[in-house]
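Engineer: Handing you a structure now.
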Amino acid sequence: MAYTYLTPQKVLLGEEALTLAKDTWSGFGTKALIVTDAVMVKLGNVDKVTGLLDEIGIAYEIYDGINQEPCDYMIAKGAEIYLQKQCDFLIAIGGGSPIDSMKAIGAVIVLGDNINSFMGKVIDGSFPPMTAVPTTAGTGSEATQFTIINNTEKNIKMLLKGPALLPDLAVIDPVFTMTAPPAVTAATGIDALCHAVEAYTSVKAFSMTDTMAKSAVKRIFDSLYLCYTDGGNMEARIDMAIAALEAGMAFNNSSVTLIHGMSRPIGALYHIPHGLSNAMLMEKCLEFAVDGCPERFRELAQVTGVYETGMTDQEGAAAFLRAVSNLCRSLKIQTLEEFGVDKDDFLSKIDKMAQDALDSKSPGNTRKKPDKEDIIRIYKALFD
Ligand SMILES: NC(=O)c1ccc[n+]([C@@H]2O[C@H](COP(=O)([O-])OP(=O)(O)OC[C@H]3O[C@@H](n4cnc5c(N)ncnc54)[C@H](O)[C@@H]3O)[C@@H](O)[C@H]2O)c1
Ligand SMILES: [Fe+2]
């Protein structure tokens, strides 16, 4: 069996890594479109990017029209600005939402179609150079060939993919994550944990994704709670930024599974932040998936230090699942009910959500394959 392992072309990593981007940007073009959201402008993060561009004489245009729900019409608007203002490369600064939007804009300006037309297809082409500067330690989008965009015609969060969407430059500067409030830190950190655990227990996992996934799981158990309780803990923030990158590299090459498959439909219908809907699902989905590869879950117990000598695979796996539950509890992850989702409304939409989950193909990567009835049962259990 042979495998492909795709990564961004260049990664800059560490405190103040952004300043190193100047050399690379000089070769990228003469006018950048900066894709971002209003929070990044307010925090002064966009100024840090434009300050560096000014230093090297590169012009820029700022598009800050992205929010937590990147939608088809935002992509069309970004593409229009890029073309109108004659930009020739792209920089995204923000969480996964601006980064995903940048990728989609890059594709649309070259391929010309509405982003919705790429659903179910591999996006391919020669796109302008893309730089991703994540400010959350979560999605790993800076290292993935995916972009997740809301299709407002169909009320679906589309999972779009293609190796050409991988950023050319990923700038992992943990300084940017220091301002993330506890709820964002928790949800995005659990998103990264889901990426790592799903990648490790996916049918497509292989040696290199295993290495990245295990390292990410360890870092997240070591550092996420510290970031949540003390956002100014630089060492923990660095660890989480690396974990998110590693988890992104892992699932980029071995895929996510049941949690993400079931999470996107909830996000599309109830506008729950991506990491939070993953966190709501994580325990129930892992309880289902564990029989498919108890030995892999036991290995994660060893990685996180909760395995005790003499435990069987099943006992070790159960210890890991307990550790996940404890972590979620310590991060005060809300339930659907606490988030304000109406139970009857949720139950009435389960059939569509289960079908959308299956159609995304992510659940099929789980080692214990779920059918529609299994997925419906797990959705229902979220209100038990
Ligand atoms: N492409 C991929 O591989 C991939 C993987 C997982 C998730 N996603 C997608 O990414 C999106 C979620 O991204 P996200 O979880 O990073 O959140 P986000 O980008 O939606 O940001 C969430 C909120 O946090 C704020 N924020 C971000 N960084 C901050 C900081 N440092 N300080 C203060 N506030 C900050 C943002 O302004 C926003 O209000 C979803 O659409 C999800 O589907 C993509
Ligand atoms: Fe995710």
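The values are calculated or read from the model by the stated rules, or taken from the named source; none is laboratory data. Since the structure is predicted, the reported quantities are computational estimates derived from the model, not experimental observations. Neighbour counts run over all protein chains shown; Cβ positions are idealised from the backbone, glycine included.
Engineer: For region 345-376, which positions are of a type in the set (Gly, Ala, Ser) and assigned to a helix (DSSP H, G or I)?
Structural biologist: Ser348, Ala354, Ala357, Gly364
Engineer: Pick from Glu198, Glu283: which is acidic (Asp, Glu) and either closer than 23 Å to Ala2 by Cα or in contact with a Pro (Cβ under 9 Å, 6 or more places away or on another chain) (or both)?
Structural biologist: Result: Glu198 is the single residue among Glu198, Glu283 that is acidic (Asp, Glu) and either closer than 23 Å to Ala2 by Cα or in contact with a Pro (Cβ under 9 Å, 6 or more places away or on another chain) (or both).
Engineer: Among Leu276, Leu286, Leu258, which is the only one that is farther than 23 Å from Ala301 by Cβ, within 16 Å of ligand 2 (Cβ to nearest atom) and aliphatic (A, V, I, L, M)?
Structural biologist: Residue meeting the stated conditions: Leu276.
Engineer: (1) within 16 Å of ligand 2 (Cβ to nearest atom); (2) surrounded by 23 or more Cβ atoms within 10 Å (Cβ to Cβ): which one isn't true of Gln68, the others all being true?
Structural biologist: Status for Gln68: all satisfied but (2).
Engineer: Hey, among the residues in region 77-132 that are among the β-branched types (Val, Ile, Thr) and closer than 13 Å to Leu33 by Cβ, which one's farthest from ligand 2 (Cβ to nearest atom)?
Structural biologist: Only one residue fits best here, namely Ile81.
Engineer: Can you pull out every residue in region 148-187 that is of a type outside the set (A, V, I, L, M), under 21 Å from Gln9 (Cα atoms) and buried (at least 23 other Cβ atoms within 10 Å of the Cβ)?
Structural biologist: Selection gives Pro167, Asp173, Pro174.
Engineer: Moving on to the next point. Only strands (runs of 3 or more DSSP E) wholly contained in region 41-159 count here; list those with 1 or more residues that are within 16 Å of ligand 1 (Cβ to nearest atom) and among the acidic types (Asp, Glu).
Structural biologist: Here the list reads 59-66.
Engineer: Say whether the condition of being touching a helix residue (DSSP H, G or I) at 6+ places or on another chain (Cβ under 7 Å), touching a residue at least 12 places away in the same chain (Cβ under 8 Å) and farther than 27 Å from Pro163 by Cα is met by at least one residue in region 239-252.
Structural biologist: no
Engineer: What are the pairs, 6+ residues apart or on separate chains, where a residue within region 131-145 that is over 16 Å from Asn252 (Cα atoms) has its Cβ under 7 Å from a residue that is more than 6 Å from ligand 1 (Cβ to nearest atom) and part of a loop (DSSP other than H, G, I, E, B)?
Structural biologist: The qualifying pairs are Thr131/Pro167; Thr131/Asp168; Val133/Asp173.
Engineer: If you check Lys121, Lys157, which single one turns out to be more than 18 Å from the chain's Cα centre (by Cα) and on the phi < 0 side of the Ramachandran plot?
Structural biologist: Within the list Lys121, Lys157, the selection yields Lys121.
Engineer: Evaluate the following for Met353: is it touching a helix residue (DSSP H, G or I) at 6+ places or on another chain (Cβ under 9 Å), surrounded by 15 or more Cβ atoms within 10 Å (Cβ to Cβ), within 23 Å of Tyr200 (Cβ to Cβ) and modelled with pLDDT of 95 or more?
Structural biologist: no
Engineer: Okay, moving on. Residues in region 133-140: is at least one under 19 Å from the mean Cα position of the chain (by Cα) and away from ligand 2 (no atom under 16 Å from the Cβ)?
Structural biologist: Scanning region 133-140, I find at least one residue that is under 19 Å from the mean Cα position of the chain (by Cα) and away from ligand 2 (no atom under 16 Å from the Cβ), so the answer is yes.
Engineer: Still on this structure, please answer the following. Which one of these does Met40 not meet: (1) under 21 Å from the mean Cα position of the chain (by Cα); (2) over 16 Å from Asp173 (Cβ atoms)?
Structural biologist: (2)
Engineer: Now for a different question. Is region 188-196 home to any residue that is within 14 Å of ligand 1 (Cβ to nearest atom), surrounded by fewer than 22 Cβ atoms within 10 Å (Cβ to Cβ) and within 26 Å of Phe346 (Cα to Cα)?
Structural biologist: no
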